[in-house]
Amino acid sequence: MRRTLVALVAVGLLTLSGTAACSDDGDDTKAVPRRGGDGTGKVGVILPDTTTSQRWGTDDPKLLKAAFDAADVPVEIENAQGDDAKFKQIGDKMIAEGATVLIIAGIDAESGKYVLDKARANGVKTIDYDRLTLNGGADYYVSFNNEEVGQFQAKGLINCLTAKNKIGKTPRIVYLNGAPTDNNARLFKNGYDSVLAPQFDEGKMLKGPDQSVIGWKREEAVTVFREMFNQTNGQIDGVVAANDTIASAAIQILTERKRNGKVPVTGQDAEVQGLQNILTGDQCMTVYKPIKKEADAAAKLAIGLFKGDKVTVDGKGTKDPESGAYVPSVLLSPTLVMKKDVQSVINSGFVTTKAICTGRFVTACNKAGIK
């Protein structure tokens, strides 16, 4: 008799929301017999790159492997290094070599959909990890509440503008959005727009240039923000940067123009560099997303599918804006991080004091009471 993997909830627990049609016996698997589900084969994991966020080259491979090893489930983890053709090749290889469950963090919708379509045609269960593949039709989606991430970015920016006595003086805000091919970037923007658009509409803030950073690449962000700075003659009072890498690019230009620390810059991911920039005052805030919880949630789901457990789902799930379909989802809660919160991120075990408080950052750490 098949066991049941109970879907628990959000905020630290596991939430799987979806419709009955998305269960193991749904219509999407009737045409093709499901592969595996009896503890044979392996789980395949395809990660996108090692440049857009440090997590992809360090945290996720380690955390996912540990979770699968603990369950004695064979796993193969590969990184496409930002190459969409390589992403497809890895997917083809894993499916050909007997993967029964695939976890993918896509580079773009086209290559992600290719792998998901190939998996579906071969009866392989699929999980979109961190990034939803638009029109991809994955069986499940595990991520954070990404619109809430964007809302935190906007709220953090307002906090910093208030501290600098800029509220009430019509501050000009510019947007450095994430990659236009990444659905998460759209969700982050939806989030910060939901908070800041009313400010623009009411004339309380001015909307400056609004541009995306191709590939989430730092060098691209440097070029884009330099152009923004020149275009506005330096009349920028706040920067919504979609993540810590992009934030560091904006801070580089602001430092060159001796405006760092005077113009609030947002971030995301609670990377070491982002936390260091917050302690020095060059960055306003970041968003901490406990990657271990995300990796554990994806692994727990994949392990259940691998073993043939029946996954129960509740709620509507996440709506794919292109297909209109709802994907059963595990959405975890992010945390807003201001300077006063850096110690709590360290206390969580996500980063170490040694990694942050080094070189020129020792003084800032001591001043902030970091231990």
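The values are calculated or read from the model by the stated rules, or taken from the named source; none is laboratory data. Predicted model only: the values in this text are computed from it and were never measured. Positions of Cβ are backbone-derived with ideal geometry, glycine not excepted, and every protein chain shown enters the neighbour counts.
On the given criteria, is residue 331 farther than 28 Å from residue 354 by Cα and part of a strand (DSSP E or B)? So residue 331 fits the description; yes. The single condition from (1) surrounded by 20 or more Cβ atoms within 10 Å (Cβ to Cβ); (2) modelled with pLDDT of 95 or more; (3) touching a Leu at 6+ places or on another chain (Cβ under 8 Å); (4) farther than 18 Å from residue 244 by Cα that residue 302 fails is (3). One residue alone among 173, 158 is surrounded by fewer than 24 Cβ atoms within 10 Å (Cβ to Cβ), assigned by TED's automatic domain parsing to the domain that holds residue 204, more than 30 Å from residue 302 (Cβ to Cβ) and modelled with pLDDT of 95 or more, and that residue is 158. The single condition among (1) buried (at least 17 other Cβ atoms within 10 Å of the Cβ); (2) within 17 Å of residue 127 (Cβ to Cβ) that residue 278 does not meet is (2).
Of all the criteria given as (1) of a type in the set (Ser, Thr, Tyr); (2) assigned to a strand (DSSP E or B); (3) within 22 Å of the chain's Cα centre (by Cα), the one not satisfied by residue 114 is (2). For region 111-127, the tally of residues that are charged (D, E, K, R) and within 19 Å of residue 304 (Cα to Cα) stands at 2.
May I ask you to list the residues in region 111-167 that are charged (D, E, K, R) and under 30 Å from residue 274 (Cα atoms)? Write out each step before concluding.
At the first step, the residues of region 111-167 found to be charged (D, E, K, R) are 113, 117-118, 120, 125, 128, 130-131, 139, 147-148, 155, 164, 166.
The answer is 128, 130, 131, 147, 148, 155, 164, 166.
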